Each structure stands twice: as structure tokens, then as C-alpha cells.
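Below is one structure, written out as C-alpha cells; comments come after it.
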Amino acid sequence: MPDHLTLAAVVDLLERRYPPSTAEQWDAVGLVAGDPQAPVGKVLLAVDPVAEVVQEALDWGADLLLTHHPLFLRGTHSVAAD
């Protein structure tokens with residue numbers, strides 16, 4: 001087995017174990033950002049994608065941040081820095 005899976009492979013594993021069709025209609029599931037072909041070796045699991053958790057993922061060198069609650073629950077029109 002390789003040292004790293006691709007992001008697409010991790011998403012596929014998760015979707016087979018937790019089918020998106022079983023989510024509530026209002027629930028936001030799925031990949032928010034990332035290159036599906038990127039390698040994933042370290043995954044940080046968290047409840048909420050808040051700034052402190054993102055910093056922890058960066059400090060730890062995580063390749064993927066997997067959270068229970070979504071980054072965006074409603075439609076998002078911009079992710080501009082300002």
C-alpha cells in the first residue's frame with residue numbers, strides 16, 4: 001500500500017462509508033477545496049473548521065482537515081481576504 005492516498009481516494013473512501021445520500025437535505029457534505037490528485041498522508045479530524053483548528057492543522061503538517069461541521073452551510077458569494 002502506498003504511503004499516501006490521493007484526496008480523491010480519501011473522499012471516495014468516506015463517501016462509501018458515509019454515503020452523501022444519507023445526509024439531511026439541508027446538510028452541506030463533500031469536498032470544499034483541494035486538488036483531487038493531491039497526496040494525503042496526514043489527516044486532522046475536528047468538529048468545526050475554526051481558525052484555531054486550521055492553525056493546528058498547518059502546525060501539525062496535515063494534508064487534509066476533515067470536519068464534522070461544514071465550512072459553508074449556506075451559499076457563499078466570496079472568499080476575498082478583505
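Net charge within 14 Å of PRO70 by Cβ-Cβ distance, Lys/Arg positive one each and Asp/Glu negative one each, not counting PRO70 itself? Could the numbers behind the result be given before it?
Details: positive: ARG74; negative: GLU24, ASP27, ASP48.
Net charge in that neighbourhood comes out at -2.
Once R0 is set to 30 Å, what does the formula 1/(1 + (r/R0)^6) return for the Cβ-Cβ distance between ALA8 and GLN55, expressed as a FRET efficiency to the nearest 0.05?
It comes to 0.70.
Rolling a 1.4 Å sphere over the protein heavy atoms, what is the accessible area per residue of the chain, to the nearest Å²?
Dividing the accessible area of the chain by its residue count gives 81 Å².
For Rg/Rh (Cα atoms, Kirkwood Rh), the listed values are [x] 1.07; [y] 1.00; [z] 0.97; which was obtained by calculation from the structure presented?
Read-out from the structure maps to [z].
Would you mind telling me the share, in percent, of accessible area of the chain contributed by carbon and sulfur at probe 1.4 angstrom?
56 percent
The values are calculated or read from the model by the stated rules, or taken from the named source; none is laboratory data. Given the structure is predicted, the values throughout are model-derived calculations rather than measurements. Please note: Cβ atoms are built from the backbone with ideal geometry, for glycine as well, and neighbour counts cover all protein chains shown. Each accessible area value is taken on the protein alone, full model and side chains, heavy atoms only, with ligands, DNA and RNA left out. Shrake-Rupley method; radii C 1.70, N 1.55, O 1.52, S 1.80 Å.
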